[in-house]
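Asks: Could you have a look at this structure, given as structure tokens, before my questions?
Every number here is computed from the coordinates shown, using simple stated rules; none is lab data. What you see is a predicted model, and the numbers here were worked out from it, not measured in a lab. Quick reminder, even Gly has a Cβ in these numbers, built from the backbone with ideal geometry, and neighbours come from all protein chains shown.
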Amino acid sequence: MATVILVRHGRSTANATGVLAGRLPGVKLDQHGHEQAAATAARLAGVRVAAVVTSPLERCKQTARTIAGAQPTRLELGTERKLSECDYGEWQGRAIKDLAKEPLWKVVQAQPSAATFPGGESMRAMQDRAVEAVRRHDRRVEEEHGPGAVWVAVSHGDVIKAILADALGTHLDLFQRIHVDPASVSIVRYTEARPYVLGTNTSAGDLSWLTPPAPAAAKRRRRKSDDDAVVGGGSGPTPAG
């Protein structure tokens, strides 16, 4: 079972000015966003990352390049269009304060599974394609790098919230209860039994405990119970080193 670290891009110029960027070109990290990305990269530098996959939008690619550059070994970035921002259609480029006055805004807040953006996609379609992409890449990483491998997916706030809702078994209509800040780290481990959410929306703290086990330990025969939840909570991760 591999582990995916979900990273939202750092603060963008659109975030800083209260504009819904969507998929508009030319939206990049602002100075604070670069600093956030660097801080997240430093947190991940102590984790042996097998792969970094990013949304094709520039603010995510900038964040992903910073993360990959902090790794001790060179990593090629993979691009996955299904991790791209929700297609907000005619809402793209508009001020958030103006969008909050639209009738659809209340639907997005209370019943996002019923929301389809004018000229864009539905929030349910966004969740479906993002979850499919993450699970597909997770299987690939495990096949190529073995059980315990850790990889990074860099995406967008609503996309990551939708992936976390799926992993938690939470209906999309409740996904607004999940918060995902710029450059935050959330962690999901997929198993044959179920996904396990190991962390959400973290912006500080040691992540070295995610470092995969030594190859000899990783190759040991897995038991069926390895995917089970430990009654009572278990003893927690083994410290790296």
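Asks: Among H145, H137, H171, H156, which is the only one that is over 18 Å from G199 (Cβ atoms) and in contact with a Gly (Cβ under 8 Å, 6 or more places away or on another chain)?
Replies: H137
Asks: Still on this structure, please answer the following. Of all residues in region 154-165, how many are surrounded by 20 or more Cβ atoms within 10 Å (Cβ to Cβ) and either over 20 Å from V53 (Cβ atoms) or of a type outside the set (V, I, T) (or both)? Spell out how you get there, then give the answer.
Replies: Step one: of region 154-165, the residues surrounded by 20 or more Cβ atoms within 10 Å (Cβ to Cβ) are 154-156, 158-165.
Subsequent filtering for residues that are either over 20 Å from V53 (Cβ atoms) or of a type outside the set (V, I, T) (or both) retains 155-156, 158, 161-162, 164-165.
Matching residues across region 154-165 total 7.
Asks: Output the qualifying pairs, or none if there are none: Cβ atoms under 8 angstrom, residues six or more apart or on different chains, first residue in region 101-117 and under 20 Å from I163 (Cβ atoms), second residue surrounded by 15 or more Cβ atoms within 10 Å (Cβ to Cβ) and among the acidic types (D, E).
Replies: Q111/D173; P112/D173; S113/D173; F117/D87
Asks: Another question, if that's okay. Given the conditions (1) touching a residue at least 60 places away in the same chain (Cβ under 8 Å); (2) farther than 30 Å from D228 by Cβ; (3) touching a Lys or Arg at 6+ places or on another chain (Cβ under 7 Å), which single one is not true for K28?
Replies: (1)
Asks: Hey, another quick one. Identify, from the list I178, I187, the residue that is under 24 Å from G33 (Cα atoms), of a type in the set (A, V, I, L, M) and over 11 Å from the mean Cα position of the chain (by Cα). Don't jump to the end; show me each part of the working.
Replies: Details: I187 fails: over 11 Å from the mean Cα position of the chain (by Cα).
Every option except I178 fails the conditions.
Asks: Also, I was wondering about something else. Let me spell it out: the conditions are (1) over 22 Å from N15 (Cβ atoms); (2) in contact with an Asp or Glu (Cβ under 9 Å, 6 or more places away or on another chain); (3) in a strand (DSSP E or B), and G78 meets all of them except one. Which number is the exception?
Replies: Result: G78 passes all but (2).
Asks: Could you list, in sequence order, the residues of region 1-42 that are part of a helix (DSSP H, G or I) and touching a strand residue (DSSP E or B) at 6+ places or on another chain (Cβ under 7 Å)? Give the steps one after another, and end with the answer.
Replies: The first filter runs over region 1-42 and keeps only residues part of a helix (DSSP H, G or I), leaving 13-17, 31-42.
The answer is G33, A37, T40.
Asks: Same structure, new question: Out of the residues in region 79-93 meeting the condition of being in contact with a Phe, Trp or Tyr (Cβ under 9 Å, 6 or more places away or on another chain) and surrounded by 15 or more Cβ atoms within 10 Å (Cβ to Cβ), tell me which one is nearest to S55 (Cα to Cα).
Replies: C86
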